Amino acid sequence: MDQTISNGHSSDQSSSNGHEENSQSEREESILGKRRNGSPDSFCDPHVRPSMPLFGMDIGGTLTKLVYFEPDNIDDFDQAEQQTLRTIHRYLMGSTAYGTTGIRDVHLEMTNQNICGREGKIHFIRFPTSQMPAFIDLAKYRKFSGLASGICATGGGAYMFEEVFESEVHLQLHKYDELDSLVKGIHYIDRYNLNSECYYFCNPLDPNSCEKMPFDFQDPYPYLVVNIGSGVSILSVRSKSQYSRVSGTSLGGGTFLGLCCLLTGCETFEEAIELASKGDSENIDKLVKDIYGGDYNKFGLKGDAVASSFGQMMSKEKRKSARKEDLARATLVTLTNNIGSIARMCAKTEKIERVVFVGNFLRVNTISMKLLAFAMEYWSNGSLKALFLEHEGYFGAMGCLLEYLHLNNPA
Ligand SMILES: Nc1ncnc2c1ncn2[C@@H]1O[C@H](COP(=O)(O)OP(=O)(O)OP(=O)(O)O)[C@@H](O)[C@H]1O
Ligand SMILES: CC(C)(CO)[C@@H](O)C(=O)NCCC(=O)O
């Protein structure tokens, strides 16, 4: 299969990086500005009906995320579309698990959505990108080639798998840039989620009273996005249509999972997080007090701060007594703190106070979210706020569908 995959075709994709045309941003302003949380306005021009079904797919380095808009009233469509929609409905809605690895995140489903004059629901589905050959076989078998609308796709895989989709499935991928899509998806989902999308952890410095609280993200600019996927991209977002990628690091969610598998023999992300939840990183890391016997006062370093991640592992004895749980926890803490530290420096350089952490690394991972909340507050003396979004890793997939609707349905 590798032989049939092309790496090319990227040159026709222009990067917007904050230089989107005004007409596009004004159009979006007028579209997105209309409604917040559930008023009956339509997302785009209700007179221009895109053909169904509507899918958006983000093919990432580790996970593929799929959003599907399911119209409520299937009887409104012509016969051919009805047939396709019923088949999709039977397959996708019949279950919450597909094969051994595909999952529909039912808790994230968005109801009462109005896209181009159609009421419906948005569904959120994910599977490992390593399963793409099986997905392509399924698409062939289920005759996805009949989908008049094609599939909107983003992420590196939109480029890598474009040719194989065309030659094997006879399906065109409409490609969109992953970071443009990410920003668009964040703005749409935050605005149109009937439940609160954005949250923070209050009292992050006190483990006994630290708890999740809703955050009003209505007037968010400027803010930093830290997208923790396989790798990490950091964006400075100045308005609905203006952003730039200010930094990134290859030490991301993929690094956590890769190192954890190596060090503990675990096989899945869920297993790695479960191990970490039972571990103690202080058995693995060297703390300031392990070096100073207490605080390093001159530069405000508390004795409990980590001086050297994995620093105890230079000792043979300590290596012998290291438990899998401790190693998993130390790996998680190391990666999280490093990302937090880079995010803090970017926020300082960009003179930004709100830092929004997204990406599937944060899935079922309250440990990292609380650590990031703590790190932002503690190391900035309370001037930075860590924010989180419920739809974690799905913004790119949502955003690329929106890009398609904008381009094809100018308001
Ligand atoms: N079920 C899962 N399987 C594998 N990794 C998972 C899972 N759930 C959460 N993760 C974490 O999420 C990360 C992937 O996040 P995400 O889907 O946002 O990125 P991606 O799009 O695959 O990567 P990139 O954007 O860098 O191409 C993994 O590296 C891992 O740390
Ligand atoms: C390469 C991407 C953008 C793919 O999503 C991501 O994995 C990433 O931002 N990696 C970090 C690359 C770097 O800036 O070092």
- Item | Electrostatic dipole magnitude of segment 312-397 [Cβ: Lys, Arg +1; Asp, Glu -1; Cα centre; debye, to 20] | 440
- For segment 176-330, what is the largest minus smallest coordinate of the Cα atoms on each principal axis, given in angstrom and ordered from greatest to least? 54, 40, 30
- Message: I'd like to compare 54-66, 84-96, 337-349: which one has the highest average count of other Cβ atoms within 10 Å, and what's the full order after that?
- Response: 54-66, 337-349, 84-96
- Task: Provide the descending list of Cα extents for segment 207-298 along its principal axes, expressed in whole angstroms.
- Result: 47, 42, 28
- Could you check how many percent of all C-alpha pairs in the chain are farther apart than 39 Å? 22
- Query: Who wins for biggest fluctuation among Ile136, Ile122, Ile151 in a Gaussian network model of the chain, springs between alpha carbons below 10 Å?
  - Reply: Ile136
- Computed over the Cα atoms of segment 277-360, what is the convex hull's projected area averaged over all directions, in nm²? 7.2
- Amide H neighbours of Arg363 under 5 Å, counting only residues 5+ apart in sequence or on other chains, H built in-plane at 1.01 Å? none
- Item | Candidate aspartates and glutamates - alpha carbon under 15 Å from Lys278, same-chain residues fewer than 8 apart omitted | Glu270, Glu325, Asp326
- Query: Lys348: which lysines have alpha carbons under 23 Å from its alpha carbon, excluding same-chain residues fewer than 8 sequence positions away?
  - Reply: Lys240, Lys298, Lys302, Lys370, Lys385
- Item | Rounded to 5, percent antiparallel among DSSP beta bridges of the chain | 75
- Item | Protein accessible area in segment 46-191, 1.4 Å probe - carbon and sulfur % | 49
- Task: Note down the relative contact order for the chain as a percent, whole number, built from C-alpha pairs under 8 angstrom at least six residues apart.
- Result: 21
- Item | Choice from Ala276, Ala375, Ala322 with maximal GNM fluctuation in the chain (Cα, 10 Å cutoff) | Ala322
- Could you point to the residue in Tyr394, Ser51, Val246 farthest towards the positive end of the chain's charge dipole, with +1 and -1 charges on the Cβ of Lys/Arg and Asp/Glu respectively? Val246
- Note on the structure: What helix-only [θ] at 222 nm does the chain give? Using -39500 (n - 2.57) per DSSP H run of at least 4, over all residues, to the nearest 500, the answer is -10500 deg cm²/dmol
- Compute the separation of the alpha-carbon centres of segment 61-125 and segment 381-403 and state it in Å as a whole number. 21
- Note on the structure: For segment 317-389, the charge dipole (Cβ of Lys, Arg +1; Cβ of Asp, Glu -1; about the Cα centre) points to a positive end, and the Cα of Asn365, Ser383, Cys346 closest to that extreme belongs to Asn365
- Neighbour net charge for Asn203 - beta-carbon separation under 10 angstrom, K R +1, D E -1: -3
- Descending semi-axes in Å of segment 104-201, equivalent ellipsoid built from Cα gyration tensor: 28, 16, 14
- Task: Go through 292-305, 172-185, 227-240, 193-206 and give me the packing order, highest mean Cβ count within 10 Å leading.
- Result: 172-185, 227-240, 193-206, 292-305
- Item | Using θ = phi - 60° and Karplus 6.51 cos²θ - 1.76 cosθ + 1.60, couplings along segment 198-211 (whole Hz; Gly, Pro as x) | 9, 8, 9, 10, 7, 6, x, 8, 10, x, 6, 10, 6, 8
- How big is the charge dipole of segment 205-272 about its Cα centre, in debye rounded to the nearest 20, if each Lys and Arg gets +1 on its Cβ and each Asp and Glu gets -1 on its Cβ? 480
- Message: Can you give me the Rg/Rh ratio for segment 310-404, using Cα atoms for both radii and the Kirkwood formula for Rh?
- Response: 1.09
- Item | Cut-off under 5 Å, modelled amide H: who pairs with Phe310 long-range | Asp285, Lys286
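The values are calculated or read from the model by the stated rules, or taken from the named source; none is laboratory data. Only a predicted model underlies this, so the values are computations on that prediction, with no experimental measurement involved. Every residue, glycine as well, gets a Cβ built from its backbone with ideal geometry; the counts of neighbours run over all protein chains shown. Protein only, heavy atoms only, side chains kept; ligands, DNA and RNA dropped before computing areas. Shrake-Rupley method; radii C 1.70, N 1.55, O 1.52, S 1.80 Å.
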